[in-house]
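Written below as C-alpha cells is the structure these notes are about.
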Amino acid sequence: MSEFFSMSGYGIYLWPAFALGIGVVVLNLVMALSSLSTARKDARRRLEINP
Amino acid sequence: MKAPALEVARLVAARDLRLAFRKPSQLLQPLMFFMIVATLFPLTLTPEMSRLRDAAPGVLWVGALLSSLLALEFLFRDDAQDGTLEQFALSGQSLTWMLFAKTCVHWLLTGLPLALSAPIAAVGLGVPAGAMWSVVASLALGGFALSLIGAISAGLTLGARRGGVLLSLLTLPLAVPILIYGADATHRAIVGMEIAPPMYLLGAITVLGVTLAPLAAAAAVRIGLE
Amino acid sequence: MATWTWFHRLASPPHVYGFARRWTPWIGGAAAVCMVVALYGGLVLAPEDYQQKDAFRMVYVHAPAAWLSLMIYTTMAVAAAVGLIWRMKVAHAAAAACAPVGAWFTVAALGTGMLWGKPMWGAYWVWDPRLTAELVLLFLYLGYMGLRAGIEDPNKADKASAMLAVVGVINVPIIKYSVEWWNSLHQTPTVMKMGKPSMDTAMLWPLLLMFVAFALYFAAVLLIRLRAELLRRERNASWVREVVT
C-alpha cells in the first residue's frame, strides 16, 4: 500500500498533479452549479417583483 | 455608386498621410519609445557587448512590438471619435480596402521608420555591421505583419472601456509567430547564417495577414460601430 | 426537412434549456463512471514505465487536461462562428460558457506539466514547445474573457469576442508551429520530449477512457453553464417564467 502512495518515489509530484486535475474538475462543476442556482434565484426574484 | 477599391484606398491613404504630417511630433513618439526601450536593456542587463549581442534579437523585437502596440491606438481612435470611421462604414465603399489603406499608412509612419532606425539601437547592442541590412529587412516585414494583426485587435477594442491595455493583451498572443520568426532572422544575421528560412515564413504570415486581416478588421469595426 | 427542424430547435433557448436539463445528469454520470474506471486502470492496473517508472502515470491527468484545453477553445470558436454566421443567441451563450472552463483546464495542463517536468527534467519550468504553446493558449483565453468583460453592450460583446475567438483559432496552429520551430533552434543536450512513452495496451486504454471521461464531463459542465447563461440573457422571456417557478 505504501508502495502505491510512494509511486516509486515520484509520489510527491504525482499526487499533487492528480489533486490539481481533480481539483479543477470539481471546482468547475461547483462554479457551474452555483452560477445556475444564482441565475434561477435571480429569475425568480424578478418574477416576484414584476409578475 | 461603388468606386474602384484601389481608388478609394488611395484617397484614404492620402488623407491619413496628410493628417499625420500636420502633427509631425507625434510621428517621432513611437521611435523615441523604441530607442529608450533599447537603452533600458543594457542598463538593466550588462554593458558587455558580447552578452548584449546574444540578447539583441529579443531586445530589438520586443522593443519594436511595444512601440507598435503604443502606436496602434492611433490607428482608429481619432477617426472613431469624430465619426469619420462611421462615415467610411456607411459610405457604401469597401471598408476592407479603406482599413487596409489605413494599416499601410500606419506601417509607413511607424513600422518602417522604426525598422530603418533600428541600426542605431542595434549598434548599441553589439550587432555587427554586416547584419544591419537583415535587421532592417526583418523588422520592416515583421512590422507590417504586426500592423495588420494589430488592426484587428484595434477594431475589436473600439467599443471597449479602457481599450488600450486590452488591445495590447489581445495582440500579443497573436504576434508570437511574428516575433519568433523575426527574432530568428535577426539572430541568424548576427551569427552570419542564411536568413532565408525564417524570412520566408515571416513573408507567408504577412501574405496571410494581407489577405485576411483587413477583412477581419472591417468586420470588427462594423461590430464596434453598431 | 428533419435536419432543418433540428437546427431550428438548436436555436431556440427554451428547447436547448430543456434538452440540457434532461441530459446533464446522464452525461455527468457517464463521465464520473468513466473517470473512476480510467483512474483505476491508470493508477493501479497499468504497469510502470521502463524509463519513467511510476512518474509516467501523470500522463493520465496532464494529457487529457491539455487536450481538453484545446478542444474547448475549438468548441468556443465554432460556437462563436455559428453565432456570427446564423446570428444565434444560443451559440453566443455557449461560447461565453466555454471560456472559463477552458482557461481552468489550461491552468491544470500547465500545473500538471510543471509537476511532471520537475522529476523528469529537473526544473519546474522548461520552455518545452507543448508547455509554451499552452501558456500562449492561456493568454488567448484570458484575452477573450477580458474583451467580453470590457464591452458593455451584450450584443457587441458577443460579436466582438466571437470575432476574436475565430481569429484566435486560426492562429493556434500557426502559433504551435512557430513555437516548435523556435524550440528546435536551441538544441538542448537532453531531448526534452513531454514523456509520451511508447505505450502498450494496458497503459493506453485508461488514457483513451480518460479522454472520453473528460469530454463527457465538459459536455455536462457546458450544459449547466449554458442553462445559467440562457436564464440570464432571456430574463424577460415567458419560457423563463415556466422554468423557474
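Any read-out appearing in this document is the output of simple, stated calculations on the displayed coordinates, not a laboratory observation. All figures in this text were calculated on a predicted structure; none of them were measured in a lab. All Cβ positions, glycine included, derive from the backbone under ideal geometry; neighbour counts span all protein chains shown.
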Taking the Cα centre of each part, how many Å lie between the stretch B:35-58 and the stretch B:95-144?
19 Å
Low-density loop positions, GluC sites (Glu not before Pro), the stretch B:1-100 - DSSP coil, at most 14 other Cβ in 10 Å:
B:Glu48
Report the one residue of A:Gly23, C:Thr132, B:Leu45 whose Cα lies farthest in the direction of the positive end of the charge dipole of the protein assembly as shown (charges on C-beta: Lys and Arg +1, Asp and Glu -1; origin at the Cα centre).
A:Gly23
Provide a whole-number value for the mean count of partner chain Cβ atoms within 10 Å of the Cβ atoms in peptide C:43-49.
1
What ratio of Cα Rg to 2.2 N^0.38 Å holds for chain C?
1.14
One finds the C-alpha centres of the stretch C:138-161 and the stretch B:158-172 to be spaced, in Å, by 10 Å
Summing -39500 (n - 2.57) over the DSSP H runs of n ≥ 4 in chain C and dividing by its residue number, what mean residue ellipticity at 222 nm do you reach, to the nearest 500 deg cm²/dmol?
-27500 deg cm²/dmol
Please compute the volume of the convex hull spanned by the alpha-carbon atoms of the stretch A:2-49 and report it per residue in Å³.
59 Å³
Just how far, in whole angstrom, is the stretch C:7-55 from the stretch A:1-44 if you go by their alpha carbon centroids?
14 Å
With the crude spin-label approximation of a point 7 Å out along Cα→Cβ, what separation in nm comes out for B:Arg51 versus C:Ile170?
4.3 nm
Counting pairs on different chains as well as pairs 8 or more places apart, how many Lys pairs in chain C have Cα atoms under 14 Å apart?
4
Tell me, what is the percent relative contact order of chain B, built from C-alpha pairs under 8 Å that lie six or more residues apart?
26 percent
Give a residue-ordered list of calculated ³J(HN,Hα) values for the stretch C:171-176 (Karplus: 6.51 cos²θ - 1.76 cosθ + 1.60, θ = phi - 60°; whole Hz; x for Gly, Pro).
6, 4, x, 5, 5, 4
Helix B:112-124: angle to the longest alpha-carbon principal axis of chain B, degrees 0 to 90, nearest 10?
20 degrees
So which aspartates and glutamates pass the test for B:Lys2, namely a Cα distance under 20 Å, with those fewer than 8 places away in the same chain ruled out?
B:Glu86
Using only the alpha-carbon atoms, how far is helix A:11-49 inclined from the longest principal axis of chain A? Give it as 0 to 90 degrees, nearest 10.
10 degrees
Gyration tensor on Cα atoms of the protein assembly as shown, a ≥ b ≥ c root eigenvalues, a/c under 1.5 rounded, else prolate if a/b beats b/c, else oblate, says oblate
Return the loop-located chymotrypsin sites (Phe, Trp or Tyr not before Pro) in the stretch C:1-102 (DSSP other than H, G, I, E, B) with at most 13 other Cβ atoms within 10 Å of their own Cβ; answer none if there are none.
C:Tyr50
For the stretch B:66-72, in residue order, the Karplus 3J(HN,Hα) values (coefficients 6.51, -1.76, 1.60; θ = phi - 60°; whole Hz; Gly and Pro = x) are 4, 4, 4, 4, 4, 6, 4
Which value in Å is the Kirkwood Rh of chain B over different Cα pairs?
18.0 Å
How many partner chain Cβ atoms sit within 10 Å of a residue's Cβ in peptide C:140-151, on average, as a whole number?
5
